[in-house]
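J.: I am attaching a structure below and will ask some questions about it afterwards.
The values are calculated or read from the model by the stated rules, or taken from the named source; none is laboratory data. Just so it is clear, the model here is predicted, and its values are computed rather than measured. Here the Cβ is made from the backbone with ideal geometry for all residues, glycine too, and neighbour counts use every protein chain on show.
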Amino acid sequence: MAERERGPHPTLRIKGTKSHALSGKRIVLGVTGSIAAVKTVELARELIRHGADVYGVMSESATEIIHPYTLHYATGHEVITKLMGNIEHVEFLGMEGSADLFIIAPCTANTLSKIAGGVSDTSVTAFATTAFGSGIPIIVVPAMHETMYKNPILIANCDKLRKLGVTVLGPRFEEGLAKIVSTEDIILAVERVLSPKKLAGMRILITGGPTTEPIDPIRILTNRSSGRTGIELAKEAYKQGAEVTLVHSKTPLNLDGIKEVRVETAREMIDACVAELREGKEKEEGYDVLISSAAISDFTADSSETKISSGEDFYLHLVPTGKLIDEVKREFPELVIVGFKAETNVSEEELISAAREKMETHNIEMVVANDVGNGGIGTEENEVYVIRKGAEDAGVKHVKGAKSLIAEEIMEELAKHFSL
């Protein structure tokens with residue numbers, strides 16, 4: 001009986017399902033003998049979900065934590081545990097190697113110090129030595145006991161690697177351990193290292209999420225915004241090389257490289273944005289772009305200073321809030337602004353017309369429009385139209401899918417604006 005032809009590894013079915021930021025990229029994932037090695041399965045799969053091809057290489061001590069078959073399952077490729085006749089370290093990371101990045105996650109104190117000293121006595125350290133020689137980017141993600149990390153020799157070795165151009169992520173200190181940073185932190189760093197950096201050198205201010213207006217000390221008025229769009233925009237701008245500040249009301253991201261300003265009310269959000277813009281201007285480090293993706297309340301209430309008793313009729317007096325774009329435009333007319341326009345249950349033509357009207361009325365460079373009557377609020381996916389001044393094909397781009405993919409397209413259009 002003829003042998004059945006094998007199809008793609010099942011793991012590869014998830015490729016590019018979250019974003020295309022790493023499409024076409026080959027990443028070698030080095031794993032060393034830290035207990036944090038158990039997290040590499042999810043890391044490998046997340047890299048694949050963002051479009052990458054991942055190849056695992058393990059030190060002997062790492063195989064005592066997880067079996068190579070486990071990483072094979074996670075990546076869809078056989079795992080390298082020793083260097084054989086194919087000289088795999090040169091094949092992937094040599095001068096004409098096929099890989100774009102070498103990441104060691106987790107990286108033990110032993111491996112980190114060996115790499116800093118030029119020692120290559122394991123498969124992982126041999127890969128690192130080869131990557132240094134060919135100029136392929138390296139990311140190191142330490143994980144060990146806190147007392148080991150605080151060893152001045154290890155700290156000096158971390159500094160040495162940074163000076164040599166290595167990206168050292170973390171660690172995060174918790175429970176007496178210098179733990180591996182989150183998978184989200186690692187993905188963000190990988191994408192920034194490998195991105196074309198189309199927004200390099202730019203400062204971008206982004207608003208996201210809902211605002212909340214107090215009715216009394218307990219109750220609030222708000223909306224259904226999840227804040228996901230603002231978060232994805234901030235991450236994508238950072239990946240593309242920008243310096244990013246996110247003003248929002250959601251749980252802090254605590255991601256390396258993204259400044260966060262927490263607010264609650266519409267007035268606080270507007271004031272925080274204006275303060276950021278003023279501070280940047282005073283320091284001659286002004287912002288280049290404001291992306292106003294937050295669902296800022298249109299009304300605030302005359303709130304009670306004490307709790308309104310339950311079971312009693314009461315009436316709210318709603319007062320219009322200020323408009324962020326209007327206030328910013330008056331004081332910073334040179335700022336490039338991306339606005340958002342939400343409508344409910346309208347036709348495509350009506351939605352685009354409303355977006356164009358907002359663009360002309362406020363004299364802004366881009367508007368992202370969507371019909372929230374068809375979804376998008378509080379969901380992982382959305383469908384939007386991106387309208388840009390001066391663009392070809394009537395300046396409208398239709399994007400549907402994960403909000404991370406939508407953020408990529410918005411930043412792509414923003415980069416096009418600055419390339420005109």
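J.: Do we find that Lys307 is surrounded by 10 or more Cβ atoms within 10 Å (Cβ to Cβ) and either within 15 Å of Ala294 (Cα to Cα) or under 29 Å from the mean Cα position of the chain (by Cα) (or both) in this structure?
T.: No; evaluated as a whole, the condition is false for this residue.
J.: Would you point out the residue of segment 245-302, among those that are among the polar types (S, T, N, Q) and free of Cβ contacts under 8 Å to residues at least 24 places away in the same chain, that is farthest from Gly230 (Cα to Cα)?
T.: Only one residue tops the list, namely Asn254.
J.: Let me ask something else. Within segment 114-170, can you find the residues that are out of contact with any strand residue (DSSP E or B) (no Cβ under 7 Å at 6 or more places or on another chain) and assigned to a loop (DSSP other than H, G, I, E, B)?
T.: Listed by number, the residues that qualify are Gly118, Val119, Ser120, Asp121, Thr122, Gly135, Lys150, Asn151, Leu164, Gly165.
J.: Which residue pairs have Cβ atoms closer than 9 Å, lie 6 or more positions apart in sequence or on different chains, and pair a first residue in segment 138-160 that is not assigned by TED's automatic domain parsing to the domain that holds Leu177 with a second residue that is buried (at least 22 other Cβ atoms within 10 Å of the Cβ) and at pLDDT 95 or above?
T.: Note: no pairs meet the criteria.
A quick yes/no check of all residues on (1) in contact with a Ser or Thr (Cβ under 7 Å, 6 or more places away or on another chain); (2) buried (at least 23 other Cβ atoms within 10 Å of the Cβ):
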{"residue": "Gly24", "(1), (2)": "no, no"}
{"residue": "Ala52", "(1), (2)": "no, yes"}
{"residue": "Met58", "(1), (2)": "yes, yes"}
{"residue": "Thr70", "(1), (2)": "no, no"}
{"residue": "Thr81", "(1), (2)": "yes, no"}
{"residue": "Phe92", "(1), (2)": "yes, yes"}
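J.: Moving on to the next point. Could you list, in sequence order, all residues of segment 92-111 that are under 24 Å from Ile153 (Cα atoms) and either touching a helix residue (DSSP H, G or I) at 6+ places or on another chain (Cβ under 7 Å) or in a helix (DSSP H, G or I) (or both)?
T.: Result: Phe102, Ile103, Ile104, Ala105, Pro106, Ala109, Asn110, Thr111.
J.: Could you figure out which of (1) within 24 Å of Asp185 (Cβ to Cβ); (2) touching a residue at least 60 places away in the same chain (Cβ under 8 Å) isn't true of Glu60?
T.: The one condition Glu60 does not meet is (1).
J.: Please work out if Leu188 is part of a helix (DSSP H, G or I) and at pLDDT below 95.
T.: Answer is yes for this residue.
J.: Return yes or no: is Gly118 surrounded by fewer than 24 Cβ atoms within 10 Å (Cβ to Cβ), at positive phi and touching a residue at least 60 places away in the same chain (Cβ under 8 Å)?
T.: The answer is no for Gly118.
J.: Okay, moving on. Closer than 25 Å to Ala21 by Cα and in contact with a Ser or Thr (Cβ under 6 Å, 6 or more places away or on another chain): which single residue out of Gly241, Gly209, Gly201 fits that description?
T.: From the options Gly241, Gly209, Gly201, the qualifying one is Gly209.
J.: Of all residues in segment 27-48, which are crowded, with 24+ Cβ neighbours inside 10 Å and in a loop (DSSP other than H, G, I, E, B)?
T.: Within segment 27-48, Thr32, Ser34 qualify.
For every residue, the table says whether it meets (1) surrounded by fewer than 14 Cβ atoms within 10 Å (Cβ to Cβ); (2) more than 20 Å from the chain's Cα centre (by Cα).
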{"residue": "Val124", "(1), (2)": "no, yes"}
{"residue": "Ala131", "(1), (2)": "no, yes"}
{"residue": "Met148", "(1), (2)": "no, yes"}
{"residue": "Thr183", "(1), (2)": "no, no"}
{"residue": "Lys197", "(1), (2)": "no, no"}
{"residue": "Met202", "(1), (2)": "no, no"}
{"residue": "Pro217", "(1), (2)": "yes, yes"}
{"residue": "Thr222", "(1), (2)": "no, yes"}
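J.: Among the residues of segment 370-420 satisfying the criterion of being within 17 Å of Gly339 (Cβ to Cβ) and part of a loop (DSSP other than H, G, I, E, B), which is modelled with the highest pLDDT?
T.: Top of the filtered list is Lys389.
J.: Could you tell me whether segment 261-275 includes any residue that is outside any helix (DSSP H, G or I), closer than 21 Å to Ala354 by Cβ and in the same structural domain as Glu365 (by TED's automatic domain parsing)?
T.: No: zero hits.
J.: Follow-up. Looking only at segment 299-331, how many residues end up being out of contact with any strand residue (DSSP E or B) (no Cβ under 8 Å at 6 or more places or on another chain) and of a type outside the set (S, T, N, Q)?
T.: Count: 14.
J.: I want to confirm something. Restricting to segment 290-304 and keeping residues that are over 22 Å from Pro333 (Cα atoms) and either hydroxyl-bearing (Ser, Thr, Tyr) or in a loop (DSSP other than H, G, I, E, B) (or both), which single residue is nearest to the chain's Cα centre (by Cα)?
T.: If we take residues in segment 290-304 being over 22 Å from Pro333 (Cα atoms) and either hydroxyl-bearing (Ser, Thr, Tyr) or in a loop (DSSP other than H, G, I, E, B) (or both), then Ser297 is nearest to the chain's Cα centre (by Cα).
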